[in-house]
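Participant: I'd like to ask you about the structure that follows.
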Amino acid sequence: MRNSSTLTGAAKAVAPALAAAIEPLIGGGLPIRLIAWDGSVAGPEAAPVVWLRSPDALRRILWRPSELGAAQAYVCGDIDVDGDLGAALSEVWSQIAERRLRPVKPSPAAVARLCAIAARLGALGAPLPPPATQARLRGRLHSVSRDSAAIRHHYDISSDFYRLILDPSMAYSCAYWDSSRTKSTLAQAQSDKLDRICHKIGLQEQRGMWLLDVGCGWGSLSLHAAEHYGAQVVGLTLAREQKAYIDGVLAERGLQDRVEIRVEDYRALTDGPFDAAASIEMGEHVGEANYPIFASILHRSVRLGGRVLVQQMSRRGSHPGGGPFIESFIAPDMHMRPIGQTLGLLEDGGLTMVSVEAMREHYVRTADAWIGNLENNWDAAVELIGEEAARVWRLYLAGGRLAFEQGRMGVDQILLVR
């Protein structure tokens, strides 16, 4: 990082120079208070404070002018934000909407001016290496090997880290916040969600029913169904870290004879028919081309009259994967779509829709709880996974919460029957 005393007179006052170059490209004044590495400031005093810690921040953004460049700079520490990241993102979005700021196609003169400023500031050069936390997948899209690598990227880090963020059941999906409870914790909301699923698929009707849990995560549903409803469960995951964790819990609770966890792709499943099946926020990861296969496997895996519950996120717009940051750092190859399209694909697979329950507002509260856990355990998180990965998670949870709050993403429980 340069000290401001080493800058030439022409290169001083970085923030005002950048503001003058950026504002014509967004159709108005900055929606942030920008503080650059030389100490200069631009933008409204009351706006969220964003720090550019080094010229590398500008260099990344110039090479990746979508949200990806800014995200890379943030996770590397070249950009920082004062105070609560989620509140800052929300305020910036509000200012953009209120002032109707929109990207403007830059003229050749505007591009030349920006490049000249970048050159003066030492921000031009070859692209910087991507952050270590950015996914690097190879192979054919949604092949078994590539899907396995994508899952390992996000889940095979450390179960100890996920324990810091999640509730004791390790449910990594939207909770259900029961409005009839005057006060509820994340643990209670996740337990209510698991009970709700078990009742919807009919596990309370008879002990010993066989349940298929596709994409079982850390086993919250598999364990809950076995322990509280006497179900016999087969759970599928692609993450060995998750299987190791669940197998340990099964041994502690003496449930090894009721739950079998496999490291197995859903496409390799030959068992069945089961009495019921569930897939909790896994369908987003199977891909657009493979979703009809996924739907048909759910159909053939349950007996006639068997119920299937799919809890899945939905999204409209031009980024079915969630946007450049999510697609690069969190869930490579993910594909979301409007809920109506998902219903059509599930029905085309042979299943009949029974009900749909929208839970978008519940995800806002769930994300709030996860964010609180991360911030309360920040030092422990950094020690477990490193500061760069912890910053990825901070940005991921804050951005995801905002997407659900603003309605750009949804989540639904879809109940179907064969």
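Participant: Can you put Ile197, Ile32 in order, fewest other beta carbons within 10 Å first? Can you show the working numbers first?
Facilitator: Details: Ile197 25, Ile32 19.
Fewest-to-most ranking of Ile197, Ile32: Ile32, Ile197.
Participant: Calculate the FRET efficiency for Val104 and Glu357 from the Cβ-Cβ distance with a Förster distance of 35 Å, rounded to the nearest 0.05.
Facilitator: That gives a FRET efficiency of 0.25.
Participant: By count of other Cβ within 10 Å, fewest leading, how are Ile246, Ile293 ordered?
Facilitator: The most exposed by this proxy come first: Ile293, Ile246.
Participant: Take every DSSP beta bridge with both residues inside the chain and express the antiparallel ones as a percent of the total, to the nearest 5.
Facilitator: 50 percent
Participant: While we're here: With runs of 4+ DSSP H residues as the only contributors, calculate the mean residue ellipticity of the chain at 222 nm using -39,500 (n - 2.57) per run, divided by the residue total and rounded to the nearest 500. Could you put the intermediate results ahead of the total?
Facilitator: Working: 15 runs with 181 residues, N = 418.
Here the helix-only value at 222 nm equals -13500 deg cm²/dmol.
Participant: Distance between the C-alpha centers of region 134-178 and region 330-394? Whole Å please.
Facilitator: 10 Å
Participant: Any chance you could run the full-extension gain for Ser143 through Asp271? It's 0.36 nm times the residue separation minus the Cα-Cα distance, nm to one decimal.
Facilitator: 43.9 nm
Participant: Taking the simple approach of a point 7 Å from Cα along Cα-to-Cβ for both Asp84 and Arg253, what is their distance in nm?
Facilitator: Result: 3.4 nm between the two label points.
Participant: Which of Ala88, Ala251, Ala19 moves most in a GNM of the chain, Cα contacts under 10 Å?
Facilitator: Checking each option, the largest mean-square fluctuation is seen for Ala251.
Participant: Ranked highest first by average number of other Cβ atoms within 10 Å, how do 60-67, 40-47 line up?
Facilitator: The peptides rank, most packed first, as 60-67, 40-47.
Participant: GNM on the chain, C-alpha springs below 10 Å: top fluctuator among Arg240, Arg401, Arg307?
Facilitator: The residue with the greatest mean-square fluctuation here is Arg240.
Participant: For each of Ser279, Ser169, Ser158, Ser184, count neighbouring Cβ atoms within 10 Å of the residue's Cβ, then give the residues from fewest to most.
Facilitator: Ser158, Ser184, Ser169, Ser279
Values in this text are rule-based calculations from the coordinates and carry no lab data. Here the structure is a predicted model, which is why all the values come from computation and not from measurement. Reconstructed Cβ throughout: ideal geometry from the backbone, glycine too, with neighbour counts over all protein chains shown.
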